[in-house]
């Protein structure tokens, strides 16, 4: 009987030591500092040092621009832009110019729509600690109804760069919802 009890005790000790190793391994795998020593296949060309240190006021300003677009409030949208702005459109085209010139382009597009519905699925505040740049990244579904009756919907992923409380760069990626 003593031999059986001794075997169970020995097995319990070995089993508990094995569990400690598993816990230590899983803890190390989820520790964010563990990835800093990983030999990654790429080095970020812009930055890999990010925090969420972007003001809630900047987040509200960016999200309000989507509401302004949906409501057709083009002057509200224009107020959120810097005097000069760069835009990378989802078509591959690029704009780099004044706010007034961009609003002419966007105004024509918005005038062709009778309604816009936006389902904002999520957003993330991102601050590049080494470059000192703030971004608001958004994910949403937009359904556009054209004045001629056509309805088009797509999923979007946008990057809004914010400098001094204004959007200075905007980049959009699109996936049709069909």
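For residue 52 and residue 75 in one chain, what is 0.36 nm times their gap in residues minus the Cα-Cα distance, to one decimal in nm? Don't jump to the answer; show the numbers that get you there.
Working: separation 23, 0.36 × 23 = 8.28 nm, distance 2.88 nm.
My answer for the length gained is 5.4 nm.
Can you tell me the Rg and Dmax of the stretch 72-178, counting just the alpha carbons, in angstroms?
In order Rg, Dmax, the Cα atoms of the stretch 72-178 give 14.4, 48 Å.
Determine the gain in length on full extension of the stretch residue 139-residue 113; use 0.36 nm per residue of separation and subtract their C-alpha separation, reporting nm with one decimal.
Values: separation 26, 0.36 × 26 = 9.36 nm, distance 2.12 nm.
Extending this stretch completely gives an extra 7.2 nm.
Coordinate-derived values only; no laboratory data. Quantities reported herein were computed from a predicted structural model and do not represent experimental measurements.
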